[in-house]
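The values are calculated or read from the model by the stated rules, or taken from the named source; none is laboratory data. Quick caveat, the model's predicted, so the values are computed rather than measured. Note: ideal-geometry Cβ built from the backbone for every residue, glycine included; neighbour counts use all protein chains shown.
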Amino acid sequence: MFRALSIAFLLFAGCMSAPKNVPPLDLTGSGWTTRQGQVTWQRKRNAAEISGDLLVAINQNHSSFVRFSKDPFTIVNAQTNPDRWNIDFGDKYYFHGAGHGPSRLIWLHIPEILLASHAPPAGWEMTNTTAQTTLLQNHKSGERVEIFLP
């Protein structure tokens, strides 16, 4: 137990208090591909589902952005560029880091999965339930994200 707590502390201690380190994006600039749709998120097995609006964007320079919101609240903002990433869950939790984001934070990977045809990260399974609906599931954690992009 102590080992698990120590690892968790090392993973998250520095991430929650540091300033955001990915610059703001202008999604109207050149090179951006954006899509809008709806999403249903279940953050863990047996948790309630949350549905809302989804904005997904990816740039030719490998930057990306995801916003999951339910008016008037933003539930998830995730942003990456080639060497950094950050994600916030409302005003409650904020994480960031260098490189490609961790696989457990699926929101960081959604633009590449949906707009650049990349496979989901390890531990995640993708199913296209219809031509417009994609289901991402982590069977170990029970987390699931169902995305509808018309």
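Would you point out the residue of segment 123-138, among those that are assigned to a loop (DSSP other than H, G, I, E, B) and modelled with pLDDT of 95 or more, that is surrounded by the fewest Cβ atoms within 10 Å (Cβ to Cβ)? Talk me through it step by step, then tell me what you get.
We begin by selecting, within segment 123-138, every residue assigned to a loop (DSSP other than H, G, I, E, B); these are 123-124, 129-132, 138.
Filter again for modelled with pLDDT of 95 or more, leaving 123-124, 132, 138.
Working: 123: 14, 124: 21, 132: 11, 138: 20.
Residue satisfying both the conditions and the ranking: 132.
So if I check each of 47, 78, 57, which one is assigned to a loop (DSSP other than H, G, I, E, B) and either at pLDDT 95 or above or of a type in the set (Ser, Thr, Tyr) (or both)? So that I can check it myself, show each step before the final result.
Working: 78 fails: assigned to a loop (DSSP other than H, G, I, E, B); 57 fails: assigned to a loop (DSSP other than H, G, I, E, B).
None of the others qualify; the one that does is 47.
Look at residue 115 and say whether it is under 17 Å from the mean Cα position of the chain (by Cα), at pLDDT below 95 and within 17 Å of residue 145 (Cβ to Cβ). Break it down stepwise before answering.
On the way: under 17 Å from the mean Cα position of the chain (by Cα): yes; at pLDDT below 95: yes; within 17 Å of residue 145 (Cβ to Cβ): yes.
Answer is yes for this residue.
Is it fair to say residue 88 is surrounded by 17 or more Cβ atoms within 10 Å (Cβ to Cβ), acidic (Asp, Glu) and not in a loop (DSSP other than H, G, I, E, B)? Before you say what the answer is, go through the steps one by one.
Details: surrounded by 17 or more Cβ atoms within 10 Å (Cβ to Cβ): yes; acidic (Asp, Glu): yes; not in a loop (DSSP other than H, G, I, E, B): yes.
So residue 88 fits the description; yes.
On the basis of being closer than 21 Å to residue 62 by Cβ, crowded, with 17+ Cβ neighbours inside 10 Å and over 12 Å from the mean Cα position of the chain (by Cα), does residue 107 make the cut? Don't jump to the end; show me each part of the working.
Details: closer than 21 Å to residue 62 by Cβ: yes; crowded, with 17+ Cβ neighbours inside 10 Å: yes; over 12 Å from the mean Cα position of the chain (by Cα): no.
Here the answer is no, as residue 107 does not meet what is asked.
Might you let me know whether segment 59-70 holds any residue that is under 20 Å from residue 113 (Cα atoms), of a type outside the set (S, T, N, Q) and surrounded by fewer than 18 Cβ atoms within 10 Å (Cβ to Cβ)?
yes
From the set of residues in segment 14-44 that are out of contact with any strand residue (DSSP E or B) (no Cβ under 7 Å at 6 or more places or on another chain) and at pLDDT 90 or above, which is nearest to residue 82 (Cα to Cα)? Steps first, please.
From segment 14-44, those out of contact with any strand residue (DSSP E or B) (no Cβ under 7 Å at 6 or more places or on another chain) are 14, 17, 19, 23-24, 26, 28-30, 43-44; that's our starting set.
Narrowing further to those that are at pLDDT 90 or above: 30, 43-44.
Working: 30: 17, 43: 26, 44: 29 Å.
So the residue we want is 30.
In segment 91-120, how many are without any contact (Cβ under 8 Å) to a residue 24 or more places away in the chain and either within 17 Å of residue 81 (Cα to Cα) or part of a strand (DSSP E or B) (or both)? Give the derivation first.
We begin by selecting, within segment 91-120, every residue without any contact (Cβ under 8 Å) to a residue 24 or more places away in the chain; these are 91-92, 98-103, 109, 113, 117-120.
Within this subset, residues satisfying the condition of being either within 17 Å of residue 81 (Cα to Cα) or part of a strand (DSSP E or B) (or both) are 98-103, 109, 113, 118.
Qualifying residue count, segment 91-120: 9.
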